[in-house]
Amino acid sequence: MRVPTWTRWLAGLALAALGPGLALGAPRAREPVRAPGPGEPSFVQRVEPAIVGLRVRNAPGAFSSSRLGARREGSAVVFDPRGYALTVSYLLLDAVAVEARTRDGRTVPARLVGLDLDSGLGVVKLEGAGPWPAATLGSSGAVAPGARTATVGVDEDGALVAVVGAVQAIRRFSAFWEYMLDRALYLAPASPHWAGSAVVNDHGELVGIASLRLGEGPHLNLAIPLDTFVPVKDELIATGRIASRPARPWLGLYTVGVEGAVVVREVSPVGPAAGAGFRAGDVIVGVDGVRVDSQEAFYARLWARRAGDVIEVAVRRRDEVRVIRVTSVDRHDLYRVRE
């Protein structure tokens, strides 16, 4: 089975983000990947009509395309009969054209509607007359470890892929691209086609969107809980972003937590940190005069400010501690959603 280069990069990136010491329990033995049929659990069959495959053409010269490619494929789930579908934001960064493949065999154009980079979710709108088959929205807050789930999406050929499993853990997740979820769902067995796949409970209700594959194997899927989306979905559709939420400051630092330290792994060439003097290998020890010793603490201090603020980041380089002042930006300004 062909695995796109960008999904291999994301898998490696997620593995680095997982880091040592994350105990989630032993995943259950993997069940066979299969498409829903007459013998498939009813909760898988219930969401199947709402699943669409996405093919996205992204701006070839954009920074996201240098990492994720200028052609990306994944899944989405229609959550509104008008044709609004939910997926992961990284499929849609710098999108210039989006195409959706429905379960009845049609290929229809779609357009980017909104991005929520804080949660990692994005919305597209399928063009054409509705109503479209839509998933029933559930509550991820009601999901507990051990709950049965199904991860349902499509492969690169448009075939449906359904993996029945369970929630292995619910806990915080942080990653090196200035991203953190306070409550993430960890699922096993993992689907090999995780990007934007629907995660449903045993009633067939949508409770999350699969975003990453974690671990060295047997893998886990990380899913973004639906409760991060439902309260803001109408605003995201109307304005293209969550404008009512204070914009988080973004620096463009890719960090990794290592035994009580936060180490700069890479500096984004499109972020303000690139021109402020940060270097790979710098150890972040403080933000605005407050000591930080973990990635989570770094993000908490950083996001206590607002986009546009000047952030003072103390770093240890060799045997010297220096303070670097950097003017933060709103990351949403880097990605065009609407003309």
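Hey, can you tell me all the residues within the range 138-179 that are of a type in the set (Asp, Glu) and surrounded by fewer than 20 Cβ atoms within 10 Å (Cβ to Cβ)? The answer is Asp155, Glu156, Asp157. Please determine whether any residue of the range 111-132 is of a type in the set (Ser, Thr, Tyr) and either more than 16 Å from Thr87 (Cα to Cα) or more than 16 Å from the chain's Cα centre (by Cα) (or both). For the range 111-132, residues of a type in the set (Ser, Thr, Tyr) and either more than 16 Å from Thr87 (Cα to Cα) or more than 16 Å from the chain's Cα centre (by Cα) (or both): absent. So is Glu40 in a helix (DSSP H, G or I) and either modelled with pLDDT under 65 or buried (at least 16 other Cβ atoms within 10 Å of the Cβ) (or both) or not? In short, no. Taking every residue in the range 301-320 that is assigned by TED's automatic domain parsing to the domain that holds Pro272 and on the phi > 0 side of the Ramachandran plot and pairing it with any residue that is assigned to a loop (DSSP other than H, G, I, E, B) and of a type in the set (A, V, I, L, M, F, W, C), at least 6 positions away or on another chain, the pairs with Cβ-Cβ distances below 9 Å are Gly308/Ala247. Criterion applied to Thr136, Thr102, Thr151 was being touching a helix residue (DSSP H, G or I) at 6+ places or on another chain (Cβ under 9 Å) and more than 30 Å from Ser244 (Cα to Cα), and the one residue passing it is Thr102. The criterion of at least 3 residues that are crowded, with 21+ Cβ neighbours inside 10 Å and among the acidic types (Asp, Glu) is met by none of the strands (runs of 3 or more DSSP E) falling completely within the range 217-312. Val108: touching a Gly at 6+ places or on another chain (Cβ under 6 Å), in a strand (DSSP E or B), in the same structural domain as Ser42 (by TED's automatic domain parsing) and modelled with pLDDT of 95 or more, yes or no? So Val108 passes the test. Residues that are in contact with a Ser or Thr (Cβ under 9 Å, 6 or more places away or on another chain) and modelled with pLDDT of 95 or more within the range 248-265 comprise Arg248, Pro249, Trp250, Leu251, Gly252, Leu253, Tyr254, Val262, Val263, Val264, Arg265, listed in sequence order.
The values are calculated or read from the model by the stated rules, or taken from the named source; none is laboratory data. Quick caveat: nothing in here was measured; it's all calculated off a predicted structure. Virtual Cβ from ideal backbone geometry, glycine too; neighbours counted across all protein chains shown.
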